[in-house]
Every structure is written in C-alpha cells, then in structure tokens.
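K.L.:
Attaching a single structure in structure tokens format; questions to follow.
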Amino acid sequence: MRAHSMKSRFRLILWASLLLVAAGWLLAASGDEDRKQALLLTVSDAIGPATGDYIIRGIERAGRDEAELVVLKLDTPGGLDSSMRDIVKAILASEVPVATYVHPAGGRAASAGTYMLYGSHVAAMTPSTNIGSATPVQMGGGFPGLDDGDSRPSRGDDRNGRDAEEDESAEDANADDDAAAEAPAAEEKKDEARRGETAMERKVLEDAVSYIRGLAERFGRNADWAEEAVREGSNIGAREALELNVIEFVAENLEDLLEQLDGHSVRMAWGEKVLDTANIEVIRVDPDWRTNLLAVITSPNIAYILMLIGIYGIIFELSNPGAIYPGVIGAISLVLAFYALQVMPVNYAGLALILLGLIFMVAEAFLPSFGVLGIGGMISFITGSIILWDDPDLNISLPLVFGTALVVGVFSIWVLGRLIRLRKVKPTIGRDEMIGMIGEAREDFERSGRVYVHSELWTAETTEPVEEGQKVRVVGLEGLRLRVEPVSDDAGAVATRS
C-alpha cells in the first residue's frame, strides 16, 4: 500500500514538472514573439544596383518580421540615380519606419545619400559627419578641358604692330568700365550655372530639385536648403543640419539614437506611428553572398567583359561542337552577365548594336566583303558599347571599348578565317583521304577486281572495263570496296608496285 502511494506521488511530481517546463517554454516563446526588433542595415560604399537590392530586401524582411524599425547606417559618396530612386520608393512604401543614420564620425551622405536621407521617415547624423553635394553630375556629356569662359582673342593678338605700352595704357583707362560691365555678366553667369547651361542640364537639374523638394515637404524638412544642395552643391555638418531642420536627431551612437527615437512620431504612408524603441533588440543584417556577387558583376566593365566572353564562348562551341570548355565558360559568363543586366538600366539599342557588330565581324571571315563588314562591325560594336547603359553615371572605360573592339575584330576575322580555310583543306587521314587517289589495276576486270592503292590491295568496282596495269582513280568508298574509274597515264602519281 505504501509502495503504491509513493508511485502515485512520483507520477504527480513528474507531471507537475513537465507542466511547469511546458508553461515556462510557452511564456518564453510568447515573450520572444512580443519582443520588439529593429533591423540594422549598413551601407558604406557607393549606391548601385547591389546596394539597392540589399536595402530593398532588408525592408521587405522587416515587413515580414513585423519589426518596429529599420535603421539604415549610411556612409556614401553617392551613386546611381536609378538605384537611389528605387531605394527611396521602397522606403516610402515601407510598412516599417526607416531611420537613415549617417555614421560613423567622418562619414557622409553625399549626392544620392542626401536624397535617401530626405526620403526616410527619420533623418539622423553623428557629429563630425556631413550631408550635401547633391548636384546631378555628367548631365551634359561635354568634352573635358574646354574653357567655358570667353574664347575671344586677346587684345594683344588682335592688334598686331601696336606698341605694348599703348595697349596697357588703354586697358588701364578702361579698367573701371570693364569691371562695371563684368559684374552683371558674372552675376548672370552664376545664375546660369544654377539653372544649367544647356537644355539637357536644365532638364535634369530641375527634375532633381523638384524631386528632393517633394521629399522635404513630405516629412516637413528644410526644402530650401535641399534645393541649394542640388543647385549649388552645398554641404553642412550634423549640428548645422539639425539647426536648419534638415534632420531630426544628432546621436553619438546607435544606442543614443534608439533612446531619442522612443516616443517619436513618424509619418507613414498609412498614417502616423509612434515609435517604441525602449529595450528594443537590434538585429544586424549584413550583405549576403548574393549582394557581394552582385556588387562585383554590376560593375559596368565587368558586366561588359562577361557578356563578350559568354557570346564568344557560345560562338566557338557552335563552330567546334564537342570542344566543351568554350561552351561551359561561355554559358556561365552569359548567365552572370544577364543576372547583372537585369538589375541595371540597359539601353537595348546599344545591346543590339553590339550583337550586330559581332555578327558583322564574324561574317567578314565568311564573305569576301573587302573589309566592309569588318569595319562596319567595329563601328557598330563601339557605338553600342558607348550607349549600352541608360544611366549617365554608368560608363564603360573608353580604352576598354576601343581595345576590345580592335581585339575582337582582329580575332574574329583572323581566327575564324583560319578555321574556315582549315575546313577546306583536303583530309590527310581516314576514309575521306582515299577519295581522288590514283592507283593501279592488278588484273583485267569489267565489273570487280583488285587494285593497288595507298600501298594496299583493295577490291574495287568499276562501270568501265579496266586492264591490268592501267591507272584508276578512287571515286568512292563503300565498306571495304572501292569505286574506281580508269584514267589516262598522266593523270596522277603512279602507284608503287609491291
């Protein structure tokens, strides 16, 4: 009886222990689910397709995980306009607030980084950082080294034979008048620089101004300074940015920023949200292998070279079936190039011109065009390479373009030409070698008999009578039987008699 009672007590204690463990596990799991999270993204390089992919996927992950906040730690010299706009659109459409934080000390949010800071729900900076220089560059595509000033000849060049002292005295006499006349001109030139000198520059500049002012007005930030940063390329530090209402917070570090953000109200696409960042868990999301790979292959020069390697690898594999290596290397390179091109602003007219140029240069090896196809192919190839990208900040190195065009042209015309000539060379071994060889009949026959060809005795068939010792030419081969026809004595080499 006592033993039965002890067993019952032991079972009761065991079940109670299991229930306590289960309850503790459920409470811990519930606590983990309710614990607030902030995702930390880090950008410390130029803004490009790889950076855009990394930030956009981080914002999407924050939405799936129902995070409280996304902190974008930013230190960038700028980057591509297209990638920057994709990032800003993702931030504006985000279900989770995004706080862009310029960090560490000595960092900057220049050019594209300025737009990203203005387009974030929260803008913050670390002391000793700066923001600005948001003027779009490479708008006009002019030639470097040209003077934008007055190009008229100097007075000394225009007045041959005059005394130098007379020129100097005349210039001194008119110095005041020139200064008075140049002052309005200088002011006008300054205003012209702010507005852009060409129609294209004005178009791009005004678009950038309108874009950043819209972002500033959306979040109640200083729109006038934003316009100045675009038109004049102005820069300011963290403290001044806070005083001018360019940013909301200056924080020494991430912990300081999260402490200041607690209770702060931000404007979301769906309304106002009050941030709750007290005791929040920060989860660092570093770039993965996909981002690192994309960062390498989305370099315009790398993507360009991969595309050419892929195209020529496939061409050589099709020209020489079974070579394997060109096909494998070409296929891998082409897939990597297409992966890069699908996230980059490609001008398909440029891509078509590159392919057309390659076709022309390959065709030069097949057709006697006297260089027309080759030269036309190189022109098409170079033109397509230069206009391959739609974004003006994406430029392939011109030495690479011209050098590649020259190498590809010479390689296509010479190597493929050699391959075509080799195909026309008569075989020296195998069955095809026998066709056309001259032999000697070893007996008289009208239909079938023996002939001596290539130092061997063969059974041969003919449609005309053949006499012993008469020369015959091989016109066909069926299995181990030759088809021959009689020829005159001077028709070829005499077969050696065994």
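K.L.:
Does Ile379 qualify as being surrounded by fewer than 15 Cβ atoms within 10 Å (Cβ to Cβ), among the hydrophobic types (A, V, I, L, M, F, W, C), at pLDDT 75 or above and under 20 Å from Val407 (Cα atoms)?
P.N.:
Working: surrounded by fewer than 15 Cβ atoms within 10 Å (Cβ to Cβ): yes; among the hydrophobic types (A, V, I, L, M, F, W, C): yes; at pLDDT 75 or above: yes; under 20 Å from Val407 (Cα atoms): yes.
So Ile379 passes the test.
K.L.:
In the stretch 80-118, which residue that is assigned to a loop (DSSP other than H, G, I, E, B) and touching a strand residue (DSSP E or B) at 6+ places or on another chain (Cβ under 8 Å) is surrounded by the fewest Cβ atoms within 10 Å (Cβ to Cβ)?
P.N.:
Per the criteria, the residue is Glu95.
K.L.:
Look through Arg290, Arg284 and report the one residue that is in contact (Cβ under 8 Å) with a residue 24 or more places away in the chain, under 25 Å from Ala38 (Cβ atoms) and surrounded by fewer than 13 Cβ atoms within 10 Å (Cβ to Cβ).
P.N.:
Values: Arg290 fails: surrounded by fewer than 13 Cβ atoms within 10 Å (Cβ to Cβ).
Going through Arg290, Arg284 in turn, the sole match is Arg284.
K.L.:
Which condition breaks for Asn253 when tested against (1) within 17 Å of Val122 (Cβ to Cβ); (2) surrounded by 14 or more Cβ atoms within 10 Å (Cβ to Cβ)?
P.N.:
So Asn253 meets the others, but not (2).
K.L.:
Among the residues of the stretch 81-113 satisfying the criterion of being of a type in the set (Ser, Thr, Tyr) and at pLDDT 95 or above, which is farthest from Pro49 (Cα to Cα)?
P.N.:
Going through the stretch 81-113, the residues of a type in the set (Ser, Thr, Tyr) turn out to be 82-83, 94, 100-101, 111.
Pick out the ones that are also at pLDDT 95 or above and you get 100-101.
Numbers: Thr100: 19, Tyr101: 21 Å.
Per the criteria, the residue is Tyr101.
K.L.:
Got at least one residue in the stretch 51-68 being within 15 Å of Thr129 (Cα to Cα) and in the same structural domain as Ala134 (by TED's automatic domain parsing)? It would help to see each step written out before you state the result.
P.N.:
Here is the first cut: in the stretch 51-68, the residues within 15 Å of Thr129 (Cα to Cα) are none.
No - not one qualifying residue is present in the stretch 51-68.
The values are calculated or read from the model by the stated rules, or taken from the named source; none is laboratory data. Bear in mind the structure is a predicted one, so any value in this text is a computation, not a measurement. Neighbour counts run over all protein chains shown; Cβ positions are idealised from the backbone, glycine included.
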